[in-house]
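The values are calculated or read from the model by the stated rules, or taken from the named source; none is laboratory data. All values derive from a computational prediction rather than experimental measurement. Here the Cβ is made from the backbone with ideal geometry for all residues, glycine too, and neighbour counts use every protein chain on show.
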Amino acid sequence: MSRPVAELTLAELRLWLDCLPPRGRARAFARLEADGRQGARELVCRHRQARRAVAGELLRLRRMTGHEIAARRQGAVLVAGVDEAGRGPLAGPVVAAAVLLPPRYRLLGLDDSKRLTPQARESLFSALIRDCLAHGVGVAGVEEIDRVNIAQAAWAAMRRAVAGLIPRPDLLLVDGYPIPGLSLAQQAIVGGDRLSLAIAAASVVAKVTRDRLMVELDAAHPGYGFARHKGYATAEHLRAIAERGPCPSHRRSFLGRFR
């Protein structure tokens, strides 16, 4: 920095702080706290708050890697997470995802997809697809759900998602219950989308993929509001079914609950 700190505008100070390496922050903060301008002191306060927030987020993410770390200590090098989206809706497919993250991977904000806004999910989805070692997606449609029941269809979607992983993982961390019919080693974790980073990643990929499919179904079957409620049993959706009757994308095996 060629100019004295006192000569920098607040906008220039903000940019300067953003570009500082960690080792230079303590000295810079001390200089700004001695600055006579309230705005300069507020910049220091905001930067410290932001650093505490990032530190807390990194701690949360570290806690969510406990299952992955334990698995690697037992010899599993490649650990993938598996989750599904769409068990409960009245319409549309159930979608599963399997995601293989790099070891020691951290992505700020990654969490159970149900705890995230649509905008956050989309942003995280793009980062996960870019950064992951491999990912697979499996889909079970309405006809399959009605034929074999939702549990069997969800497991089929999960098996299809896992089949798309190259390289093959040494261990699957699965949300809820083990997936039948797989030869790969598995560890089932109830509530895993909040307890495992790999499962949280799979939950985001599955949810975003399914939401996009529901937007496509909304265009194919207008009037039901699929793009808004994603097929769940909202008042709007139930009213549309009562007025229009079900469309080909509705799960007939589910509709009897609401008659």
| query | Can you name every residue in the stretch 215-259 that is of a type in the set (Lys, Arg), within 12 Å of residue 92 (Cα to Cα) and under 27 Å from the mean Cα position of the chain (by Cα)? | reply | 230, 251
| request: Provide a single number: the residues in the stretch 235-252 that are surrounded by fewer than 16 Cβ atoms within 10 Å (Cβ to Cβ) and touching a helix residue (DSSP H, G or I) at 6+ places or on another chain (Cβ under 8 Å). | output: 4
| task | Test residue 200 against the criterion of being of a type in the set (A, V, I, L, M), crowded, with 22+ Cβ neighbours inside 10 Å and modelled with pLDDT of 95 or more, and give yes or no. | result | yes
| task | Could you check the stretch 218-259 for helices (runs of 4 or more DSSP H) lying wholly inside it with 2 or more residues that are free of Cβ contacts under 8 Å to residues at least 60 places away in the same chain? | result | 226-229, 235-244
| Of all residues in the stretch 63-82, which are within 18 Å of the chain's Cα centre (by Cα) and surrounded by 18 or more Cβ atoms within 10 Å (Cβ to Cβ)? | 64, 65, 67, 68, 79, 80, 81, 82
| Could you list, in sequence order, the residues of the stretch 110-132 that are in a loop (DSSP other than H, G, I, E, B) and either more than 8 Å from the chain's Cα centre (by Cα) or aromatic (Phe, Trp, Tyr) (or both)? | 117, 132
| request: Starting from the stretch 158-172, take each residue that is within 20 Å of residue 145 (Cβ to Cβ) and list its partners that are assigned to a loop (DSSP other than H, G, I, E, B), counting only C-beta distances under 7 angstrom and pairs at least six apart or across chains. | output: 158/179; 159/179; 159/181; 159/182; 162/182; 162/184
| query | Going by the conditions given, is residue 191 out of contact with any Asp or Glu (no Cβ under 8 Å at 6 or more places or on another chain) and either surrounded by fewer than 18 Cβ atoms within 10 Å (Cβ to Cβ) or among the aliphatic types (A, V, I, L, M) (or both)? | reply | no
| field | Qualifying residue in the stretch 172-184 (condition: surrounded by 17 or more Cβ atoms within 10 Å (Cβ to Cβ) and hydroxyl-bearing (Ser, Thr, Tyr)) | value | no
| Unique residue being more than 24 Å from residue 58 (Cβ to Cβ), touching a residue at least 60 places away in the same chain (Cβ under 8 Å) and in contact with a helix residue (DSSP H, G or I) (Cβ under 7 Å, 6 or more places away or on another chain) when the list is 192, 136, 92, 181 | 92
| said: Just checking, does the stretch 141-162 include any residue being more than 26 Å from residue 253 (Cα to Cα) and in contact with a strand residue (DSSP E or B) (Cβ under 9 Å, 6 or more places away or on another chain)? | reply: yes
| request: With respect to residue 146, determine if the residue is without any contact (Cβ under 8 Å) to a residue 40 or more places away in the chain and acidic (Asp, Glu). | output: no
| Is it the case that residue 106 is surrounded by fewer than 18 Cβ atoms within 10 Å (Cβ to Cβ) and part of a helix (DSSP H, G or I)? | no
| Among the listed residues 104, 87, which satisfies the condition of being under 20 Å from residue 173 (Cβ atoms), assigned by TED's automatic domain parsing to the domain that holds residue 207 and at pLDDT below 95? | 104
| query | If we scan the stretch 135-144, do we find a residue that is more than 19 Å from residue 213 (Cα to Cα), assigned by TED's automatic domain parsing to the domain that holds residue 251 and among the charged types (D, E, K, R)? | reply | no
| From the set of residues in the stretch 27-52 that are surrounded by 10 or more Cβ atoms within 10 Å (Cβ to Cβ) and among the small types (Gly, Ala, Ser), which is modelled with the lowest pLDDT? | 34
